[in-house]
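S.K.: What follows is a single structure, and I will ask about it in a moment.
Nothing in this text is a laboratory measurement; each read-out follows from the coordinates by a stated rule. All figures in this text were calculated on a predicted structure; none of them were measured in a lab. Note: ideal-geometry Cβ built from the backbone for every residue, glycine included; neighbour counts use all protein chains shown.
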Amino acid sequence: MRHLAFVALRPALVALRPALVALRPALIARLRPARPPPETMAKSSAAKAQPAAAPQSAAQRAAMLHKASLISRKLQQLYPQPPKTFLHHNDPFTLLVAVVLSAQSLDAKVNQVTPELFRIAPTPHKMAHLGAPRIQQLIQKIGLAPQKARNIAALSATICEHHHGHVPRTFDHLESLAGVGHKTASVVMMQAFNEPAFPVDTHIHRLACRWGCGDAKSVPKTERNLKLWFPHSSTWGELHTRIILFGREYCPARNHDMDACPVCSFAATDEARAANNANPKKFVAPVNHANPYSIRELPPSRVDSESDSHFTPTAVQKRRTTVKSTPKRRKATAPAAPNTKQLQNDQQNAATKPSTRRRKAAEKAHQPDVQVEKRPTRRRRTVQKQDQPSNDAGIAGSTKRAAPGTTRQTSVGSVENVQDRQQQKAEEMGEGRRTSSRLALKRKQKGLA
């Protein structure tokens, strides 16, 4: 019955299809919420970028700026010319796609995938036309590929439909795209449009919590604190890159030796040190800092010197490995006294007795050329036996008894006699074989009969 009803209604549905297609844009515009005007969006962006509460006193602000300057100076000494970005891109759109792909993935892995993707679909129109299944095939090596492929296809379609194929230049418009958060929008605004922004990723958040300018519960608050500690917005881009490089090379999340770290050695708070000592194999951000602007007293060379071998990556890596695996201490035992006589004998043997291979080679080299004569081949076997009187009739002549225990060679006659006996035995065996074969043949014939 259902099938018959569908067949009856099919012509009417086909006739209504053009009308439904014409009404689709109006229905989408009615269901989608209206966007606020640009002025309101600018005000909301300014409210989001509002800095955190400033220190209460001038002394605290001076201590904060002094600590921030020491951190910035050390990072500048370690990375004088940091790269602008770690992701390969050609324009704002390709940068946006690369940043979306880099979420919870390595930048090196993203750079392996994006060349082929950008060669096939370098613009939002081509990317939207490519579709999510094809995008997923191209980015399969990256984690969370299905979700990222759907987000890229959706944001490309949104850019084509609402922004005329151009990447928007405001935080709110960027964050309204699929798969784009505040950190991704900050990276695009800073690196594509040179707008002041301070993106906070996992490395920056971890280091800020250790230095006292981060908040364990809120990444936006960490961003506001960093902007307050480093007030010059022109340095945010390079500082962002330097902190990421420093976190990857010197300041890992696990098994971190703060005394060997170029910055944590003087900038880490007491709460951060206690958390690191309590959980060396897991990063635990301290919730509160009693004195976030405190600086540990160190020799001036550790903070200001540009050529400080104590903080080279090799030295830090050695300290990190020693922290990871500390062997158990064993009781110190005095080394055994060497056996002098045995050592002398070993040295004498090594000097006077060369190895077997060398000795044989030396003998072969000094051996004279001697021609060895070949022995003639024996044609008959001589029989040696105990000297006893022979009773054989075929033996010619008489034999003499020899002394007991001696042997002698028999005469030619005895040899011929032995040969005759062997031949006779062979003939008897052959006759026996023939007889047995005849008997077997007769038995076979009787059985057939």
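S.K.: If each of residue 157 and residue 423 carries a label point 7 Å out from its Cα toward its Cβ, how far apart are those two points in nm?
M.R.: My value for the distance between the label points is 11.2 nm.
S.K.: Can you tell me the Rg and Dmax of segment 82-201, counting just the alpha carbons, in angstroms?
M.R.: 13.0, 37
S.K.: On to the next question. Quote the charge dipole size of segment 92-191 about the Cα centre in Debye, to the nearest 20; the model charges only the Cβ of Lys and Arg (+1) and of Asp and Glu (-1).
M.R.: Magnitude of the dipole: close to 260 debye.
S.K.: Based on the mean of other beta carbon atoms within 10 Å per residue, what is the order of 287-297, 142-152, most packed first?
M.R.: 142-152, 287-297
S.K.: Using a cut-off of 12 Å between beta-carbons, work out the net charge of the residues near residue 183 (Lys and Arg +1, Asp and Glu -1, residue 183 not included).
M.R.: Computed value for this residue: -3.
S.K.: Can I get the semi-axes of segment 166-259's equivalent ellipsoid? Compute them from the C-alpha gyration tensor as square roots of 5 times the eigenvalues, in angstrom, largest first.
M.R.: That gives 25, 14, 13 Å for the three semi-axes.
S.K.: Beyond 15 Å, what share of the Cα-Cα pairs of segment 206-267 remains, rounded to the nearest whole percent?
M.R.: That tail contains 54 percent of the Cα-Cα pairs.
S.K.: Ok, one more. Which value, in debye to the nearest 20, describes the size of the charge dipole of segment 72-151 about its Cα centre when Lys and Arg Cβ atoms bear +1, Asp and Glu Cβ atoms bear -1, and nothing else is charged?
M.R.: Roughly 140 debye, rounded to the nearest 20.
S.K.: If each residue of separation counts as 0.36 nm, what is the full-extension length gain between residue 232 and residue 123 once their alpha-carbon separation is subtracted?
M.R.: 35.8 nm
S.K.: Sort 192-200, 267-275, 61-69 for me by packing, meaning the mean count of neighbouring Cβ atoms within 10 Å per residue, highest on top.
M.R.: Highest mean packing first, the order is 267-275, 192-200, 61-69.
S.K.: Which entries of 84/183; 109/227; 148/221; 183/217; 109/148 show an alpha-carbon separation above 22 angstrom in the structure shown?
M.R.: Cα-Cα > 22 Å for 109/227; 148/221; rest within.
S.K.: With Cβ to Cβ distances under 10 Å as the rule, what net charge do the other residues near residue 103 carry (K, R +1; D, E -1)?
M.R.: Spelling it out: positives minus negatives among the neighbours equals +1.
S.K.: Here is a further query. Listing 202, 222 from the residue with the fewest other Cβ atoms within 10 Å to the one with the most, what is the order?
M.R.: Result, fewest neighbours first: 202, 222.
S.K.: Roughly what would the spin-label model give for residue 193 and residue 296, points 7 Å off Cα along C-beta, in nm?
M.R.: 4.2 nm
S.K.: Turning to a different aspect of this structure: What full-extension length gain, to one decimal in nm, is calculated for residue 10 and residue 441 as 0.36 nm per residue of separation minus the Cα-Cα distance?
M.R.: Computed gain between residue 10 and residue 441 is 145.4 nm.
S.K.: Treat the count of other C-beta atoms within 10 Å as a stand-in for reagent exposure and order 95, 70, 101, 106 from fewest to most.
M.R.: 106, 70, 95, 101
S.K.: Packing-wise, with mean Cβ within 10 Å as the measure, how do 177-186, 130-139, 208-217 rank, highest first?
M.R.: 208-217, 177-186, 130-139
S.K.: If you don't mind, another one. Taking +1 at the Cβ of each Lys and Arg and -1 at the Cβ of each Asp and Glu, which of 105, 184, 94 sits farthest along the dipole of segment 92-191 towards its positive end, judged by Cα position relative to the Cα centre?
M.R.: 105
S.K.: With Cβ to Cβ distances under 13 Å as the rule, what net charge do the other residues near residue 282 carry (K, R +1; D, E -1)?
M.R.: So the surrounding residues net to +3.
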